[in-house]
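Heads up, the thing below is written out as structure tokens.
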Amino acid sequence: MTEPILQTVGLSIRFGGVEAVRGVNLCLAERELRCLIGPNGAGKSTLFKLLTGQLQPTAGRILFHGEDITGDHTHAIARRGIGIKTQVPNLFDSLTVRDHLWLAARRTNSRPRADAITDEIIERVGLGAIAGGMVGRLSHGLRQWVELGTVLAGNPELILLDEPAAGMTHDEVARTAELVREINRTHALIVVEHDMQFVRMIARTVTVMHQGAVLVEDTMDQILKNSAVRDIYLGKHGGA
Amino acid sequence: MKLRRVSPGIVATAAVMVAVGLGVPLVVDQFQLLQLTVFASMCILALSLGVVWGYGGILCFGQSAFFGLGAYTYAVTAVNLAESTLAILLSIVVPAVFAALLGYFMFYGRLSDVYLGVITLSVTLIFFNLMNSTAGDAYRIGTARLNGFNGMPSLPTFNVPGNPGRLLDPTETFYLVMALLLSVYVGLHALLASHFGRVVVAVRENETRCELLGYDVRLHKLLVFTLGGAIAGLAGSLFANWGAFVSPNVFSLSTTSQIIIWVIVGGLGTLVGPIIGCVLMQYLATELGTQQLANTSLMFGIIFLAFVLLVPRGIVPSLGVVRARLSAVRARPPA
């Protein structure tokens, strides 16, 4: 068995009396696509913040390619090759779409190479019509794609997507799912999503979180049949 | 994207500077030339805050700390060496090193915007009080007496490098100051068009995203803050040379607030804006100084308030908005 790209060991964070993430053991293989679901407040976004160093865990460790990155600075973790599209897109509002992609690509590439990558990503994500426009004026759905494109331009090995389909129309969701599958050919991904249709389009292995802990980890089909999962989503007797 | 095209605005501004630099000494008298020399020196100071605040997004209320440090460094070194070349260089290096140290604690300590403003303002006022209390024979650096609130008079002025006997005359000094202003202006634009400069602007826009892309936000802020300190220090040496005099007033509240007013009036987030704001406000200060009707500080306060309330983006960005609206109106098909 090859070494996992990402592994967390007993990862926990406590805010006062609330343990937002409790002893999470996650193991992600190279080029794996993992969906992470769970009701609001399950700790999914908090887990992402821990993985990217935006929050420091109160217990546990994070291993990237077997190396301990727990406690590293956010930018240092990003440099190792973890990219994230955050739940609420973090963008440079007064800069253009093109600027975003270029800045992401330029960190590790020469100027001409960064220019080329920028053009390539604009093509790939379908941002051509808005490439020269200021990002602050775009709709939420478009901002999602701009951020996704920005992450791709940085070409990190592991990509975390926090609700990539939120605020999108049905067609846009389908397009995003296609894009995620395409990215997955070369990159490992963890995708947090509420939209079950979207999850069904892309999912192989699904991890379900509940109240900060991993409830179950299985294939999509098994998850859909799982009564415990139904219970947390619909309430104890909601499905009956 | 090829090499980024140089915007016509930058070329026009640089051309105006060259024209003023070469043309003005031919048409004005010596008094006016001296006036314009100090205006141009202050424009360099305005640019230093223009880049730190307008592009770096760093709220620095104490830019005068670096300006004053540059002025005093020049004064002390020039008095001791009786030669200005090293003094000018040190007047850039010393404030830059000080800015780097101060910035290290602020940015690596993750202080937020408001605290940056408070700390930088306090720092310049500490310098102000410190220099005010250096009266007496005990306070001397080498042969240079600091003289407390009376300041240091009769400073050696700029000489031709390596030739202390050959001082620059007012016209030559004006050429030098204009050349420095042009270099700082063009240099800053070149820097802002570079990878580093674009990251600095990105940091202003969204620190989290920069970090998530792998850029060290603290380092970028520290570097742009240090650069601002160096440029302000250069302006300080030009100012000390201009009057052959320096006093603790370079650190005062009115000095530091003036720099902020120049940038606000001219326009945050541009480089030509602070220059325009600086020239306008200094011209106004000179004119107001010639009459007794209204107090200059009071007038500055009123102008500052008026701009914050009515033209919060400053002259240059607002002109851009007006132009965009006009062209939108013209483009609209007649009803």
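The values are calculated or read from the model by the stated rules, or taken from the named source; none is laboratory data. The shown structure was predicted, so the numbers you read here are calculated from the model rather than taken from an experiment. Cβ atoms come from the backbone with ideal geometry, glycine included; neighbour counts cover every protein chain shown.
B:Thr157 fails exactly one of the following numbered conditions: (1) outside any loop (DSSP other than H, G, I, E, B); (2) touching a residue at least 24 places away in the same chain (Cβ under 8 Å). What is the number of that condition?
Condition (1) is where B:Thr157 drops out.
Going through the stretch B:179-212 one residue at a time, which ones are within 18 Å of A:Gly136 (Cα to Cα) and hydroxyl-bearing (Ser, Thr, Tyr)?
Correct list: B:Thr208 only.
The rows are residues; the columns are (1) of a type outside the set (Ser, Thr, Tyr); (2) in contact with a Ser or Thr (Cβ under 9 Å, 6 or more places away or on another chain); (3) farther than 26 Å from B:Ala46 by Cα; (4) buried (at least 18 other Cβ atoms within 10 Å of the Cβ).
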| position | (1), (2), (3), (4) |
| --- | --- |
| B:Leu130 | yes, no, no, no |
| B:Arg145 | yes, yes, yes, yes |
| B:Arg166 | yes, no, yes, no |
| B:Thr173 | no, yes, no, yes |
| B:Met178 | yes, yes, no, yes |
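In this structure, is B:Gly214 more than 30 Å from B:Pro170 (Cα to Cα) and at pLDDT below 95? Even if it seems obvious, please write down each step before you answer.
Working: more than 30 Å from B:Pro170 (Cα to Cα): yes; at pLDDT below 95: no.
No; evaluated as a whole, the condition is false for this residue.
Which residues, taken from the stretch B:58-77, are of a type in the set (Gly, Ala, Ser) and at pLDDT below 95? Give the derivation first.
First pass over the stretch B:58-77, keeping only residues of a type in the set (Gly, Ala, Ser): B:62, B:64-65, B:68, B:70-71, B:75.
The one that is of a type in the set (Gly, Ala, Ser) and at pLDDT below 95: B:Gly62.
Within the stretch A:1-89, considering only strands (runs of 3 or more DSSP E) that don't extend past its boundaries, which have at least 1 residues that are in contact with a Phe, Trp or Tyr (Cβ under 7 Å, 6 or more places away or on another chain)?
In the stretch A:1-89, the matching strands (runs of 3 or more DSSP E) lie at A:6-15, A:82-85.
Take B:Thr124 and tell me if it is polar (S, T, N, Q), surrounded by 13 or more Cβ atoms within 10 Å (Cβ to Cβ) and not in a helix (DSSP H, G or I).
no
Name, by its number, the condition in (1) buried (at least 20 other Cβ atoms within 10 Å of the Cβ); (2) modelled with pLDDT of 95 or more; (3) not charged (D, E, K, R) that does not hold for A:Gly43.
(2)
Can you tell me which residue is surrounded by the most Cβ atoms within 10 Å (Cβ to Cβ) among those in the stretch A:151-182 that are within 12 Å of the chain's Cα centre (by Cα) and of a type in the set (Val, Ile, Thr)?
Going through the qualifying residues, I end up with A:Val151.
For A:Ile117, indicate whether it is within 13 Å of chain B (Cβ to nearest Cβ) and more than 23 Å from B:Ala193 (Cβ to Cβ).
Values: within 13 Å of chain B (Cβ to nearest Cβ): yes; more than 23 Å from B:Ala193 (Cβ to Cβ): no.
In short, no.
Residue-wise test of (1) surrounded by fewer than 21 Cβ atoms within 10 Å (Cβ to Cβ); (2) charged (D, E, K, R); (3) at pLDDT below 90.
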position	(1), (2), (3)
B:Gly273	no, no, no
B:Tyr283	yes, no, no
B:Gly289	yes, no, yes
B:Leu293	yes, no, yes
B:Gly301	yes, no, yes
B:Leu305	yes, no, no
B:Arg323	yes, yes, yes
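Looking at (1) touching a strand residue (DSSP E or B) at 6+ places or on another chain (Cβ under 6 Å); (2) in a helix (DSSP H, G or I); (3) of a type outside the set (Phe, Trp, Tyr), find the lone condition where A:Val208 falls short.
That leaves (2) as the condition not met.
Just for helices (runs of 4 or more DSSP H) wholly inside the stretch B:1-110: which have at least 2 residues that are within 30 Å of B:Ser252 (Cα to Cα) and touching a Lys or Arg at 6+ places or on another chain (Cβ under 8 Å)?
B:84-108
When you go through A:Leu55, A:Leu63, A:Leu50, A:Leu103 one by one, which is the residue that is in contact with a strand residue (DSSP E or B) (Cβ under 8 Å, 6 or more places away or on another chain), of a type in the set (A, V, I, L, M) and either within 30 Å of A:Ser227 (Cα to Cα) or within 9 Å of chain B (Cβ to nearest Cβ) (or both)?
That would be A:Leu50, the only listed residue that is in contact with a strand residue (DSSP E or B) (Cβ under 8 Å, 6 or more places away or on another chain), of a type in the set (A, V, I, L, M) and either within 30 Å of A:Ser227 (Cα to Cα) or within 9 Å of chain B (Cβ to nearest Cβ) (or both).
I'm trying to understand the selection: among the residues of the stretch A:120-131, which are in contact with a Ser or Thr (Cβ under 9 Å, 6 or more places away or on another chain) and either within 9 Å of chain B (Cβ to nearest Cβ) or assigned to a loop (DSSP other than H, G, I, E, B) (or both)?
Result: A:Ala131, single match.
Here is a check on your reading of the model: is A:Gly43 more than 14 Å from every other protein chain (Cβ to nearest Cβ), touching a residue at least 40 places away in the same chain (Cβ under 8 Å) and under 16 Å from the mean Cα position of the chain (by Cα)?
yes
Among what's in the stretch B:164-206 and is assigned to a helix (DSSP H, G or I) and touching an Asp or Glu at 6+ places or on another chain (Cβ under 8 Å), pick the residue that is nearest to the other protein chains (Cβ to nearest Cβ).
For the stretch B:164-206, the residue satisfying everything is B:Glu205.
Can you tell me which residue is nearest to A:Thr8 (Cα to Cα) among those in the stretch A:90-109 that are among the charged types (D, E, K, R) and part of a helix (DSSP H, G or I)? Full working, then the answer.
Of all residues in the stretch A:90-109, those among the charged types (D, E, K, R) come to A:93, A:98-99, A:106-107.
So of that shortlist, the ones also part of a helix (DSSP H, G or I) come out as A:98-99, A:106.
Working: A:Arg98: 35, A:Asp99: 34, A:Arg106: 30 Å.
For the stretch A:90-109, the residue satisfying everything is A:Arg106.
Can you name the helices (runs of 4 or more DSSP H) wholly within the stretch B:207-326 that have at least 1 residues being over 30 Å from B:Leu86 (Cβ atoms) and in contact (Cβ under 8 Å) with a residue 60 or more places away in the chain?
B:217-243, B:253-266, B:272-289
Quick test for you: out of B:Leu288, B:Leu284, B:Leu268, pick the one residue that is within 14 Å of chain A (Cβ to nearest Cβ) and not acidic (Asp, Glu).
Unique residue meeting the criteria: B:Leu268.
Working only within the stretch A:139-150, note down all residues that are surrounded by fewer than 22 Cβ atoms within 10 Å (Cβ to Cβ) and touching a residue at least 40 places away in the same chain (Cβ under 8 Å).
Pass one, the stretch A:139-150, residues surrounded by fewer than 22 Cβ atoms within 10 Å (Cβ to Cβ): A:139-143.
Within the stretch A:139-150, A:His140, A:Arg143 meet the criteria.
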